[in-house]
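Participant: First, the structure itself, so that you have it in front of you.
The values are calculated or read from the model by the stated rules, or taken from the named source; none is laboratory data. Being a predicted model, the structure only gives us computed values, none of them experimental. Note that we place each Cβ from the backbone using ideal geometry, even for glycine, and neighbour counts take in every protein chain shown. When the accessible area is computed, the model is the full protein with side chains, heavy atoms only, and any ligands, DNA or RNA have been set aside. Shrake-Rupley method; radii C 1.70, N 1.55, O 1.52, S 1.80 Å.
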Amino acid sequence: MTDRAAAGPVLVLGGTAEARALAHELQSREAAFLSSLAGRVQRPRLPVGEVRIGGFGGAEGLAAFIRERGVAAVVDATHPFAATMSANAARACALTRTPLVRLARPGWGDHPDAASWTWVGDHDEARTAAESLGERPFLTTGRQTLGHYAAWSGREVLVRVVERLDEPPPARWTVVLDRGPYAVEGELALLREHRIDVLLTKDSGGSYTAAKLDAARALGMPVVVIGRPAPVTGVAEVDSVAAVLSALSDAGVDVGPAAPA
């Protein structure tokens, strides 16, 4: 165990509910930590504690930040589809010999209806599959993915995003600005109102946006799901805050005692 590992802060690469929960737990334990957000959302939900916003400049930039701040360990709690950031974190931690833990919420593969969904590997496959299953898709793959669906400019498409689009959408698209958590009743009303007949989403996992899957089941609606990127080789991955704390402790990082109940 190095002096840095004993005394330095934990760097939480965040932007997710899991990252915010981890920050809350670390603060309750009076552990040293800071969170970093990519800055792609103008009004993000901020975690407790110190927060920096913006990129690092690739793996080398992140490595420089780790050295500058004397970071004891890195927790990659970014979105399950933030593959570039996860790869940069792994490279930076390898360069600096810093412990790294990946905190990723469980996917929807264990959902009761998962076997009935059409699972695909990328957006092109998703678009093709959705075209074969319906005429009026509900597209929930995120603002930065919409370019993959430009061929649908002449279709009636319902799109849900957290923030306004950078460019005007096609005239026949309806864009809803909203963020979870969602309720099944609300999702049913939305799908019915727009006469949606196929749902297209990513395997983001978690409960915040899962209600649309239950609503689709209730309506007998086909679902197309884009599978997650492959995990970074050699990086320990856990799915709970408790498991992160255990892994950090095992690496010699001081995460403080649990707060009294």
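Participant: Near the amide H of residue 136, under 5 Å away, which other amide H atoms are found, from residues 5 or more places off or on another chain, if H is placed in the peptide plane?
Facilitator: For residue 136, whose amide H was placed from the backbone, the distant partners under 5 Å are 197, 198.
Participant: Does anything in segment 90-113 have its amide N under 17 Å from the 7 Å Cα→Cβ label point of residue 68, and if so which residues?
Facilitator: It comes to 92-93, 96, nothing else.
Participant: Still on this structure, I have one more. With every protein chain kept in the model, how would you rank 76, 110, 239 by accessible area, 1.4 Å probe, largest at the top? If you can, show how the numbers build up before the last one.
Facilitator: Values: 76 5, 110 150, 239 95 Å².
Solvent-accessible surface, decreasing: 110, 239, 76.
Participant: Quick check: pseudo-label points 7 Å beyond the Cα along Cα→Cβ at residue 114 and residue 258, how many nm apart are they?
Facilitator: 2.8
Participant: Estimate the FRET efficiency between residue 230 and residue 193 by the formula 1/(1 + (r/R0)^6), using the beta-carbon distance for r and 51 Å for R0, to the nearest 0.05. Please list the in-between numbers first.
Facilitator: Values: r = 37 Å, r/R0 = 0.73.
Efficiency, from the Cβ-Cβ distance: 0.85.
Participant: Related question: Enumerate the amide H contacts of residue 12 below 5 Å, restricted to partners 5 or more residues apart or on another chain; note that Pro and chain-start residues carry no placed amide H.
Facilitator: 34, 35, 36, 75
Participant: Something else: Considering amide H positions built from the backbone, and no H for Pro or chain starts, which residues 5 or more places from residue 119, or on another chain, come under 5 Å of its amide H?
Facilitator: Answer set, sorted by chain and number: 225.
Participant: Another one. Per residue, how large is the accessible surface of the chain? Use a 1.4 angstrom probe and give square angstrom. Before the final figure, lay out each step's value.
Facilitator: Values: 12720 Å² over 261 residues.
Using a 1.4 Å probe on heavy atoms only, each residue of the chain averages 49 Å².
Participant: At what distance in nm do the modelled label points of residue 145 and residue 217 sit from each other, each positioned 7 Å from its Cα along Cα→Cβ?
Facilitator: Spacing of the two 7 Å Cα→Cβ label points: 2.1 nm.
Participant: Using only the heavy atoms of the protein chains and a 1.4 Å probe, how would 30, 193 rank by accessible area, largest first?
Facilitator: Numbers: 30 170, 193 135 Å².
Order by accessible area, largest first: 30, 193.
Participant: So, one more: Note the full-extension length gain between residue 124 and residue 28 as 0.36 nm times their separation in residues minus their Cα-Cα distance, in nm to one decimal.
Facilitator: 30.1 nm
Participant: How far is it, in nm, from the label point at residue 87 to the one at residue 21 when both lie 7 Å from their Cα along the line to the Cβ?
Facilitator: The two pseudo-label positions are separated by 2.9 nm.
Participant: Which of rounded, prolate, oblate describes segment 14-66, given a ≥ b ≥ c as roots of the alpha-carbon gyration tensor eigenvalues and a/c under 1.5 marking rounded, otherwise prolate only if a/b is larger than b/c? Provide the component values of the computation, followed by the final result.
Facilitator: On the way: a/c = 2.57, a/b = 1.33, b/c = 1.93.
Oblate is the answer for segment 14-66, as a/c is 1.5 or above yet b/c matches or exceeds a/b.
Participant: Karplus couplings for segment 230-247 from phi (6.51 cos²θ - 1.76 cosθ + 1.60, θ = phi - 60°), rounded to Hz, Gly and Pro as x?
Facilitator: These are the phi-based 3J(HN,Hα) values: 5, x, 5, 4, x, 9, 5, 10, 10, 10, 8, 4, 4, 5, 4, 4, 5, 5 Hz.
Participant: Please compute one quarter of the surface area of the Cα convex hull for the chain and express it in square nanometres. Before the final figure, lay out the partial values.
Facilitator: Working: hull surface 58.8 nm².
Averaged projected hull area, Cα only: 14.7 nm².
Participant: Something else: Using r as the Cβ-Cβ distance of residue 237 and residue 172, and R0 as 41 Å, what FRET efficiency do you calculate, to the nearest 0.05? Working shown, then result.
Facilitator: Values: r = 41 Å, r/R0 = 0.99.
E(calc), rounded to 0.05, equals 0.50.
Participant: Which of rounded, prolate, oblate describes segment 150-202, given a ≥ b ≥ c as roots of the alpha-carbon gyration tensor eigenvalues and a/c under 1.5 marking rounded, otherwise prolate only if a/b is larger than b/c? Kindly include the intermediate steps, with their values, before the conclusion.
Facilitator: Values: a/c = 2.09, a/b = 1.33, b/c = 1.57.
The shape class here is oblate.
Participant: Figure the gain on full extension for residue 208 and residue 162 (residue separation times 0.36 nm, minus the Cα-Cα span) and round it to one decimal in nm. Present the calculation step by step, with values, prior to reporting the outcome.
Facilitator: Values: separation 46, 0.36 × 46 = 16.56 nm, distance 1.29 nm.
Extra length from residue 208 to residue 162 when fully extended: 15.3 nm.
Participant: Hey, another quick one. Spelling out what I want: for every residue of segment 170-184, take phi, set θ = phi - 60°, compute 6.51 cos²θ - 1.76 cosθ + 1.60 (Karplus), and round to whole Hz; glycine and proline get x.
Facilitator: Using θ = phi - 60°, the values come out as x, 4, 8, 8, 10, 10, 9, 9, 6, 9, x, x, 10, 10, 4 Hz.
Participant: Taking θ = phi - 60°, what integer Hz values does the Karplus form 6.51 cos²θ - 1.76 cosθ + 1.60 yield along segment 155-169, in sequence order, with x for Gly and Pro?
Facilitator: Taking θ as phi minus 60°, the curve returns 9, 7, 10, 9, 10, 10, 9, 7, 10, 4, 6, 6, 10, x, x Hz for segment 155-169.
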